[in-house]
Structures are given as C-alpha cells and as structure tokens.
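Contents: one structure, followed by commentary.
Every number here is computed from the coordinates shown, using simple stated rules; none is lab data. Quick caveat, the model's predicted, so the values are computed rather than measured. In this analysis, Cβ positions are derived from the backbone assuming ideal geometry, glycine residues included, and neighbour counts consider all displayed protein chains.
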Amino acid sequence: MRYPTCSGTFAIVILLLANNVSQSRELTNYEVFCAQVDTLSLSAMKVLASQDVKLVYLKSGSRDVDVLVHLKITEALLKNSFHVVTTDSSAVPLLRVTVPLIGVSYSAPVTSHIFGASDVIRTIRSAYDVEIADRGQVRFAKSYSYVYSDTVKESQISALESGSYNFLRGKVLTGSFIDTMLQPLLFVASAAIVVYLFFTLRGP
C-alpha cells in the first residue's frame, strides 16, 4: 500500500494558509459610497418619472458629502434625459436631497493570521432624505438608508480609505488578547496537529 509523501503534508499546510488569503480586490470606501448614491439616484428618478417631472432644480447642502451626492445625482439625471436647472424657481419642481448620516466603521479584529494580518468587519452606512416639491407643495418625501458590510484586512484600510474625503474614514476598535495573540497561536498549533496526525496515522 502506497502512502503520500512529505509533499502531501506540505500541500495540506499550503491549503490551510490559502484559506486565510483573500484573492479578490476589495472595493474602496469611495466606490461603495458611490454605489449607494447610484442606487439612491435610481430611486429618485423613478419617483420623478411617476410624477411626470423631467425638469428639476436639485438642492443640497454645502458639506463635502452634500456636494458629492449632488454631483452624482446630477450626472445620473442628465444621463437619463432629465433636465437640471441651476437656479431656484417656483415654476420648476424642486428635488431636495439631504444626507443626515454617512459613516464608516471597523470592528475589533475578528480573525488574526499567522503572518500578522488581522481581519476586521467594515461597515459603510449612509442615509438620505428625499423631497420633491412643486410650487411650494410637497408632492413626495421619503427617507432612504443603505448598509454595506464585508470583511477586510486591517492592513488594507489605508488603501481602502484613499482619497480626500474624511467622511469615508473610520477607526478600528481595540482588539482583545484573543484576537491579537491567541488566534495565531491556535492556528499554528492546529497545523502542527494535522502534520503530526498525518505521519502518525499513515503507519509504517
């Protein structure tokens, strides 16, 4: 009877390590936020179409996040044959979009790897209040909220937060001893046990 050689053991260890390596590129915080605004834009355009509105004045605040949302929604409106005027007028329906919430947060490390890279849960939340008014009368008002959550490596955070928008930055919660020290030791111990059992159970 033939038994696997040492190369088989090496392959087992490699497979264990591979489970802790992410192969796909993570979306940046900016990309996630833009996707949320794009979804909001689709909802707003559906409402405008249902109200038979093709010409609007888009009003927003002066913060960085308000300006970015205004820009993204304006681009979406123009691409879909809507017309956006630049001056407020009582004769033109008003589309008001406010951003009461935008935030990025990271959990304490949930997994630590043998090579020192810790995984954290990233959560990006945004909320919007949308109002459509015509000649001073509110015809539509609704709040929208979006939540995106995934697991990323703590070492990737600086790259995921690249850009000049401070509202797309967050802080990692302090990890516990188990997260930072014990889990890598447990991983090494588990790999050692697998190797030991492999040589012990295969017999002479």
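Tally Lys/Arg at +1 and Asp/Glu at -1 over every other residue whose Cβ is under 14 Å from the Cβ of Glu31; what's the total?
Details: positive: Arg25, Lys72, Arg122; negative: Glu26, Asp38, Asp150, Glu161.
For residues surrounding Glu31, the net value is -1.
Gain in length, Ala35 to Asn80, computed as 0.36 nm per residue apart minus the alpha-carbon separation, to one decimal in nm? Each step should come with its number before you reach the end.
Details: separation 45, 0.36 × 45 = 16.20 nm, distance 1.69 nm.
Working it through step by step, the gained length comes to 14.5 nm.
Working out 0.36 nm times the residue gap between Thr111 and Lys171, then minus their Cα-Cα distance, what length gain in nm do you get to one decimal? Mind showing how you got there, number by number?
Working: separation 60, 0.36 × 60 = 21.60 nm, distance 1.70 nm.
Answer, rounded to one decimal: 19.9 nm.
Please report the Cα spread of the range 61-170 along all three principal axes, rounded to whole Å, starting with the longest.
Principal-axis extents of the range 61-170 (Cα, largest first): 65, 24, 23 Å.
Apply 1/(1 + (r/R0)^6) to the Cβ-Cβ distance of Gln137 and Val67, taking R0 = 25 Å, and write down the FRET efficiency to the nearest 0.05.
Working: r = 28 Å, r/R0 = 1.10.
Plugging the Cβ-Cβ distance into 1/(1 + (r/R0)^6) gives 0.35.
Assuming 0.36 nm per residue, please report the length gained on full extension of the stretch Ala49 to Ser89 beyond their Cα-Cα distance.
Details: separation 40, 0.36 × 40 = 14.40 nm, distance 2.00 nm.
Extending this stretch completely gives an extra 12.4 nm.
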